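Take a look at the structure set out below.
The values are calculated or read from the model by the stated rules, or taken from the named source; none is laboratory data. Keep in mind that what you see is a predicted model, and the values were worked out from it rather than measured. For neighbour counting, all protein chains shown are included, and Cβ atoms are generated from backbone atoms with ideal geometry for every residue, glycine included.
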Number of protein chains: 2
Amino acid sequence: MGHSQAEKRQTHERIVNVAAKRFRERGIEGISIADIMKEVGATVGGFYRHFDSRDDLVAEAVAVAFEDMDTWKNKTRKNLRSGIKTYLSAAHRNELTTSCVFSSLSTDIHRSNSQTRELFTERLRGDLELLESMIRPELDSNRRPKAMVLYSSLIGALELARATSDEKLARQILSGVTDELVELFCPADE
Amino acid sequence: MGHSQAEKRQTHERIVNVAAKRFRERGIEGISIADIMKEVGATVGGFYRHFDSRDDLVAEAVAVAFEDMDTWKNKTRKNLRSGIKTYLSAAHRNELTTSCVFSSLSTDIHRSNSQTRELFTERLRGDLELLESMIRPELDSNRRPKAMVLYSSLIGALELARATSDEKLARQILSGVTDELVELFCPADE
DNA sequence: ATTATCTATAGATCTATAGATAATGC
DNA sequence: ATTATCTATAGATCTATAGATAATGC
């Protein structure tokens, strides 16, 4: 007991990081503050010196969770085909704790407060803009709806592949959708 | 108090129907048995003469919730274009209580028990088969992955349109994805 | 007599707070 | 003196059960 301000900042960060993982894994209501604090290596009592309420943690944790997608966005910016393959990879399907917020928390966010929904919307806009700029840049004039189809497919396919209990079907969805999306939206020479 | 067996059957059915609605609206953990029973017009105490556990209700309610999609499947069987339009309509976006289970409970089901996940998988297979049979039946040889893209897009687009706090963006997603999917997967003369 | 439902409650769990403890930092 | 965290707990809520009540159905 008795810790420095620097340590407090570290604790705060660890709480948010653990929450960002576990929320995606178990859903926003799927883990208690006590369990999050236990994983951090602390106790419930300290939590409320870091956050006014559970909702405040949710907002911060979702923001941090979205940042995990920045690596993916950079990869996609360089090469759309590899962005699609990464998004629909077995690794992304299995690694819930670091996965895309849209795929792991879509329904939770739909039921969430307006602050969280607005953050979601802002991120969605950014992702759509990126995809729009990557779709056959020189060929198609009306790329926005195509970017929407592409993004919807990525998210929907990943969710279906996760929810099904049939491992083989899951793999077929991931590989089938990957191939189709690459064919539809990636210039042939890329 | 003191009711007939026929009344019990009705009560059972009402419990399942209320649960099928509220689970889709608020998530599977989003409503308590007490609140479900209150909406049914009964009390908690009676619940366990109908179900061994909460999980049993979840399994039955999800099964019933899936049946709401049978109307949509019949419509789609007749005309793919009108199936797409109905799925991505504002009405389907707004009416959570009767909406497609894949769109309203995908992450909940992913975290659910194997019985529920297997029911989900069975339904998914059926829906994919239907869509496969409807995609340009005479034109394309490899329709299965295309059906997967179509279904993923439908589910993903509906979820994004629900989760965003920007009403205008939501409408753009629904109409944009509808137009693209119709163009991609519906024979021109339909 | 049996049973469908009710009232009441046990036991678990969760959010949030109160007060104690042991360091930090002026 | 201030503060970051701890222990302990209040108050709310949720699942599940026990026992009472008032009908049904042999």
Among the residues of the stretch A:17-43, which ones are away from DNA strand C (no atom under 13 Å from the Cβ) and over 23 Å from B:Glu29 (Cβ atoms)?
A:Asn17, A:Val40, A:Gly41
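Give B:Ile84, B:Ile109 a once-over and let me know the one that is over 14 Å from the mean Cα position of the chain (by Cα) and either over 25 Å from B:Lys168 (Cβ atoms) or buried (at least 16 other Cβ atoms within 10 Å of the Cβ) (or both).
Within the list B:Ile84, B:Ile109, the selection yields B:Ile84.
Yes or no, residue by residue, for (1) over 20 Å from A:Asp55 (Cα atoms); (2) free of Cβ contacts under 8 Å to residues at least 60 places away in the same chain; (3) within 10 Å of another protein chain (Cβ to nearest Cβ); (4) aliphatic (A, V, I, L, M):
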residue: A:Glu95; (1), (2), (3), (4): yes, yes, no, no
residue: A:Arg117; (1), (2), (3), (4): no, yes, yes, no
residue: A:Glu132; (1), (2), (3), (4): yes, yes, no, no
residue: A:Ile135; (1), (2), (3), (4): yes, yes, no, yes
residue: A:Ala147; (1), (2), (3), (4): yes, yes, yes, yes
residue: A:Leu158; (1), (2), (3), (4): yes, no, yes, yes
residue: A:Arg162; (1), (2), (3), (4): yes, no, yes, no
residue: A:Leu169; (1), (2), (3), (4): yes, yes, yes, yes
Looking at the stretch A:160-190, which of its residues are of a type in the set (S, T, N, Q) and part of a helix (DSSP H, G or I)?
A:Gln172, A:Ser175, A:Thr178
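Buried (at least 24 other Cβ atoms within 10 Å of the Cβ), part of a helix (DSSP H, G or I), at pLDDT 95 or above and in contact with an Asp or Glu (Cβ under 7 Å, 6 or more places away or on another chain): is that true of A:Val149 in this structure?
Spelling it out, A:Val149 is indeed buried (at least 24 other Cβ atoms within 10 Å of the Cβ), part of a helix (DSSP H, G or I), at pLDDT 95 or above and in contact with an Asp or Glu (Cβ under 7 Å, 6 or more places away or on another chain).
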Cβ-Cβ below 7 Å, separation at least six or inter-chain, first residue in the stretch A:43-56 and closer than 17 Å to A:Arg9 by Cβ, second within 6 Å of DNA strand C (Cβ to nearest atom): which pairs?
A:Phe47/A:Ile33
